[in-house]
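Accompanying notes for the structure given below.
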Amino acid sequence: MSGIGRAAPGAPRTAWSAVSARLYDAAMAIPLPDDVRALLQAPNYVHLSTLRADGSPRNWVVWIGVEGDNLLVCTGEKTWKARDMRRDPRVGLSVVDLANPYKMAAIQGRVIEARPDEDSAYMDPISVKYTSAPFPARGAGRVCFVIAAEKAGLVTLGFTHSPA
């Protein structure tokens, strides 16, 4: 088996591999700080950084869900972000407050689970948070990645947003 996060031959594509489970130490996970949680629970856009096969970063703007102290990112199974997270579960996230762009948080984390989401059971509440409507895409190939935070912090700079 090559690469962290690859499913064993014959396993469903949405199954999380035993290799990732063995390499992940749950003691590394932290509870989300309340101020970071509040920023993530609001409909703020999140920047997700995944790692390409060569180790270079790839960035995405995503919607995020919060489940306990874990973060949910839903996507299509064939997207580059899904492929990246299956191969290497380490991720970075940042979020900026839409109301105050000088209030921001950064999270380092790790994908700990991939869940099938053909019926958009995970994606619908996230979509409603951002658009007030369920997610329009359904069907095979939808997946929800569960991310545990390992480091998280928030900062608010003392600026007023007043572009010229």
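The values are calculated or read from the model by the stated rules, or taken from the named source; none is laboratory data. If you're wondering where the values come from, they're calculated on a predicted model, not measured in any experiment. Methodologically, a virtual Cβ is constructed for each residue, glycine included, from the backbone with ideal geometry; neighbour enumeration extends over all protein chains shown.
Filtering segment 145-160 to residues that are part of a loop (DSSP other than H, G, I, E, B) and either among the aliphatic types (A, V, I, L, M) or touching a Gly at 6+ places or on another chain (Cβ under 6 Å) (or both) leaves only Leu157. Within segment 123-144, one or more residues are touching a Leu at 6+ places or on another chain (Cβ under 9 Å), in a strand (DSSP E or B) and crowded, with 20+ Cβ neighbours inside 10 Å.
Within segment 140-160, which residues are touching a strand residue (DSSP E or B) at 6+ places or on another chain (Cβ under 9 Å) and of a type in the set (Phe, Trp, Tyr)?
So in segment 140-160, the residues touching a strand residue (DSSP E or B) at 6+ places or on another chain (Cβ under 9 Å) come out as 140-157.
Matches in segment 140-160: Phe145 only.
Elements of the type strands (runs of 3 or more DSSP E) sitting completely within segment 18-80 and holding at least 1 residues that are touching a Pro at 6+ places or on another chain (Cβ under 8 Å) and modelled with pLDDT of 95 or more: these cover 46-51, 65-67.
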